[in-house]
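Okay, structure first, notes after.
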């Protein structure tokens, strides 16, 4: 039993001993922890801004949009869509009901006749020119007021920007990783250092110095040991590339922001996971820079994360049958079940990443699906997979993450009916959860989760008319649930951007979906026999929440291509709610009965998880 533990300790000691990752390989000038964002810098220049306000006293509320000192009254159904701030004027585009308005800090306001253009500005994060023209992007069409032009390529990622000096610009990247800048003077382009596994969102910041003269900051993720924060200067027919930083072991460069101060100094910031770095660069110093060459130029052969963890779970269950909800949502409890749950152990496993360009989780799933097939079936299946082209769905940092969790929890359920009769049932809940998630940039993930569990429950059967239900205690009740999940995962962030990392963290997920319930055959047969009607719906709404807090320790080896391990320890909690209630407005057919119940599960406890990275 001690051999695996001893082997694991040896691996961790080896990784720790060789994990001497140099965070920054090179930077043009030292960073500061203090600086101003572009928004704050405009405030320092006394450039006004726009805001949406509300004020209520008792039941009386008033709403307005303020642009500098000017106030424009609006209704409750209103919103501020965008604003553009210049030294001469600040514009705000806002919606009041179904009408759009363009207002400025000089008190001018005009109704926007072209609602489609205003919607385009809203959907594409557009801007407003110094002349008051609405500027937006729709597909490959750039709209500037009542004019439009077709872009040279479909944008993979884009960013509008304005300068306080009075200029606007659109910067965009195409599928071949070319950078285009388009402004009032025309269009320019250059190649970038991006590649197919780079980040593509939150990587671009642009500042128009003048028409035909644009600065762009770009985060170029080349591989896990080579991340560049670049500057591109496109002026006339010339395009020059400079380096702000090159990182091996940390996340310097993510979420860049760029602007040029009144003295022409370039100010570049990067918002890391734990802090923000500010760089100040003189344009005349850039041509003389001599960045140190990063030795790691080839794409990553492997980018894998394999994890396993356990949790000592405390399980609390609230389950009841409620009366039909009134107009105010109030109900009366008609029956409930008391649960005495034993402590249990949750075991979980994770697999994510790619090997030689192939999604390892997808490869494993394909292999499992082909088990038991003959050669002809296997060949047809592979042809189908190839025609669908699953791999094309995974670009940039996206990875398919496969998760499996299981927990065998025992307990005793006690049910007491309205006559005082009591039923006590000992049971085992075989809880299983399977998730297919797609990881994206900066630790975010989303996907689908399927779970199954069984537990004795009280079930009420209502008939048309919503009179008193027939209530039964079902010892064989089972739930199957499918939810859409979105959340944040620290392990995904650190495995992509960081080498050595430690500290406290907080992760979370939320899910919404549907569940299907299976009532025991004997109970269902009895309920239908007593009522003389058939049971109808067996689907309900499910809401999930998950939170995890703890300490994170990670060490990786630069020399060994990012081989490393991470240890997480802390407390996690799941909340699962199953809604299947009846309201006074529910319509039940005369020849059917409908089941009703409410249930909320809270599972929490200390956990430990080990992740291996390659």
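Summary of values
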quantity: Options 512, 519, 539: the member that is farther than 30 Å from residue 275 by Cβ and over 28 Å from the mean Cα position of the chain (by Cα); calculated: 519
quantity: Conditions (1) surrounded by 19 or more Cβ atoms within 10 Å (Cβ to Cβ); (2) under 19 Å from residue 581 (Cα atoms); (3) in contact (Cβ under 8 Å) with a residue 12 or more places away in the chain; number of the one not met by residue 511; calculated: (2)
quantity: Some residue of region 133-141 being closer than 24 Å to residue 48 by Cβ and in a helix (DSSP H, G or I); calculated: no
quantity: Unmet requirement for residue 577, which otherwise passes all of (1) at pLDDT below 90; (2) within 33 Å of the chain's Cα centre (by Cα); (3) assigned to a strand (DSSP E or B); calculated: (1)
quantity: Odd one out for residue 113 among (1) modelled with pLDDT of 95 or more; (2) farther than 22 Å from residue 164 by Cβ; calculated: (1)
quantity: Among the candidates 262, 239, residue that is on the phi < 0 side of the Ramachandran plot, assigned to a loop (DSSP other than H, G, I, E, B), over 32 Å from the mean Cα position of the chain (by Cα) and outside the structural domain of residue 556 (by TED's automatic domain parsing); calculated: 262
quantity: Sole residue being over 24 Å from residue 290 (Cα atoms), surrounded by fewer than 19 Cβ atoms within 10 Å (Cβ to Cβ) and under 32 Å from the mean Cα position of the chain (by Cα), chosen from 255, 191, 196; calculated: 196
quantity: Per-region count, region 205-219, residues surrounded by fewer than 24 Cβ atoms within 10 Å (Cβ to Cβ) and closer than 30 Å to residue 400 by Cα; calculated: 1
quantity: The one condition in (1) closer than 27 Å to residue 397 by Cα; (2) not assigned by TED's automatic domain parsing to the domain that holds residue 87 that residue 144 fails to fulfil; calculated: (1)
quantity: Qualifying residue in region 27-44 (condition: at pLDDT 90 or above, over 32 Å from the mean Cα position of the chain (by Cα) and farther than 21 Å from residue 253 by Cβ); calculated: yes
quantity: Criterion violated by residue 550 - all others in (1) in a loop (DSSP other than H, G, I, E, B); (2) under 24 Å from the mean Cα position of the chain (by Cα) satisfied; calculated: (1)
quantity: Residue match in region 286-301 (condition: under 23 Å from the mean Cα position of the chain (by Cα), at pLDDT 95 or above and surrounded by 16 or more Cβ atoms within 10 Å (Cβ to Cβ)); calculated: no
quantity: Sole residue being without any contact (Cβ under 8 Å) to a residue 24 or more places away in the chain, loosely packed, with under 15 Cβ neighbours inside 10 Å, under 30 Å from residue 189 (Cα atoms) and under 30 Å from the mean Cα position of the chain (by Cα), chosen from 140, 147; calculated: 140
quantity: Subset of region 74-105 (residues that are exposed (fewer than 15 other Cβ atoms within 10 Å of the Cβ) and in a loop (DSSP other than H, G, I, E, B)); calculated: 75, 76, 77, 88, 97, 98
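Results for (1) surrounded by fewer than 17 Cβ atoms within 10 Å (Cβ to Cβ); (2) assigned by TED's automatic domain parsing to the domain that holds residue 496; (3) on the phi > 0 side of the Ramachandran plot; (4) at pLDDT 90 or above, shown as yes or no for each residue.
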{"residue": "528", "(1), (2), (3), (4)": "yes, yes, no, no"}
{"residue": "534", "(1), (2), (3), (4)": "yes, yes, no, no"}
{"residue": "545", "(1), (2), (3), (4)": "yes, yes, no, yes"}
{"residue": "549", "(1), (2), (3), (4)": "yes, yes, no, yes"}
{"residue": "559", "(1), (2), (3), (4)": "yes, yes, no, no"}
{"residue": "565", "(1), (2), (3), (4)": "no, yes, no, yes"}
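The values are calculated or read from the model by the stated rules, or taken from the named source; none is laboratory data. Nothing here was measured: the structure is a model prediction, and the numbers come from that model. Quick reminder, even Gly has a Cβ in these numbers, built from the backbone with ideal geometry, and neighbours come from all protein chains shown.
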